[in-house]
Amino acid sequence: ALTAAAEANDALPPNSVRLHNGIKGAYGFADFDSIKIAATTLSALRSSGLDFDGRKPTFDWGHHLSNNSTLSFKRYPEDNRSECWFCLASPSCETHLVASVGDSAYLAMPKGPLLAEHALVIPVDHVAQTAACPDVLIYVQALARCHAAHSKKLTVAFERYAPATKKGVYHAHMHLIPVLTNLQHVIDAFKTQATHFRFQLSSQIITNEQKQFHTQLPEDVPFFRLYVFDGQSETPRASLMNIGDKVPLHFGRQVLAHILNTPDKIHWKACELSQQEELSLCIRFKNTFAPFDPFVVASAP
């Protein structure tokens, strides 16, 4: 693989890379003299089209152990936003998935959706919490109305936040997924699974008059928050919250995969679509959402 990268890269500088074994047949590491050499090689590997007896390897930034320490640290590009999936100006952003763009947020289809109506609402700016962006809630409420009008479904919206790491802050995003079930089933499913993972989800009471419920939380502690909207009110029918525990990365998606009776779709890569399939799905989503899109309606004559 590194030979292929070197050929694509006019050869790596002599003695600039060292190989380290991982689990046999599973993964390995390459340590480089500089971030620039590593980033260039990584780009070449990702575009090399390598195939080992039908298996396509994946390449990413990894962990490195110093010679005199068992503590691991991550090596990332100096400008992580150049590889951010959600920054619209980033080369890594797949803009064919974008369904609508507002003033400070946009709506997009995810990679490997749980179902055709699965969407993400994402701040345009690279911020760590969706509450920093006023358009996020506008999109959530609009999509909840869309789901209610077409199928009488509830809309589950969830966000997982982790404090900044050496990589910087994660680009905040909120998943929006419609479910054709009753409200109590959603609440019970999430609370039961939270207990299984040894943390608690607390119910938050939000009244119809409480318009400022989606607010920023302290940046130094992780949180997971979830809303359930019915499309009839601008406030959620239910709200669940955990502050302080490290909630598993795929927790929200895992619970919803079981609610939707699609446990095989817990990880997005298990249901990844071709680019043409993604484009077709996004076009259908745009057409369905268009009458409810607050930024299209607001700009109409």
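The values are calculated or read from the model by the stated rules, or taken from the named source; none is laboratory data. Nothing here was measured: the structure is a model prediction, and the numbers come from that model. Please note: Cβ atoms are built from the backbone with ideal geometry, for glycine as well, and neighbour counts cover all protein chains shown. SASA here: full protein model, heavy atoms, side chains in, ligands and nucleic acids out. Shrake-Rupley method; radii C 1.70, N 1.55, O 1.52, S 1.80 Å.
Here 216, 212, 254, 193 are screened, and the one residue that is among the polar types (S, T, N, Q), without any contact (Cβ under 8 Å) to a residue 12 or more places away in the chain and either assigned to a helix (DSSP H, G or I) or within 24 Å of residue 104 (Cα to Cα) (or both) is 212. Only one of the listed residues (225, 198) is buried (at least 18 other Cβ atoms within 10 Å of the Cβ) and either modelled with pLDDT under 95 or within 20 Å of the chain's Cα centre (by Cα) (or both). That residue is 225.
Filtered by the rule that a residue be among the charged types (D, E, K, R) and either over 14 Å from residue 106 (Cα atoms) or not in a helix (DSSP H, G or I) (or both), the range 276-295 gives 277, 278, 284, 293. Filtering the range 82-112 to residues that are without any contact (Cβ under 8 Å) to a residue 12 or more places away in the chain and either basic (Lys, Arg) or over 22 Å from residue 293 (Cβ atoms) (or both) leaves 82, 83, 89, 90, 91, 92. A residue that is in contact with a Phe, Trp or Tyr (Cβ under 9 Å, 6 or more places away or on another chain) and in a strand (DSSP E or B) can be found somewhere in the range 146-155. For the range 278-288, the set of residues classified as open to solvent by 80 Å² or more (accessible area, probe 1.4 Å) and within 30 Å of residue 216 (Cα to Cα) consists of 286 only. For residue 104, the requirement of being open to solvent by 30 Å² or more (accessible area, probe 1.4 Å), closer than 27 Å to residue 270 by Cα and polar (S, T, N, Q) is not met. Filtered by the rule that a residue be crowded, with 17+ Cβ neighbours inside 10 Å and not in a helix (DSSP H, G or I), the range 236-251 gives 236, 237, 238, 239, 240, 242, 247. Number of residues in the range 257-277 that are open to solvent by 40 Å² or more (accessible area, probe 1.4 Å) and in contact (Cβ under 8 Å) with a residue 40 or more places away in the chain equals 10. When restricted to residues that are open to solvent by 10 Å² or more (accessible area, probe 1.4 Å), more than 16 Å from residue 142 (Cα to Cα) and assigned to a loop (DSSP other than H, G, I, E, B), the range 114-132 contains 7. Listed by first and then second residue, the pairs linking a residue in the range 164-188 that is farther than 23 Å from residue 106 by Cβ to a residue that is modelled with pLDDT of 95 or more and surrounded by fewer than 17 Cβ atoms within 10 Å (Cβ to Cβ), with Cβ atoms under 7 Å apart and 6 or more places separating them unless they lie on different chains, form an empty list. Of the residues 219, 209, the single one that is more than 24 Å from residue 162 (Cα to Cα) and either touching a Leu at 6+ places or on another chain (Cβ under 8 Å) or of a type in the set (Asp, Glu) (or both) is 209.
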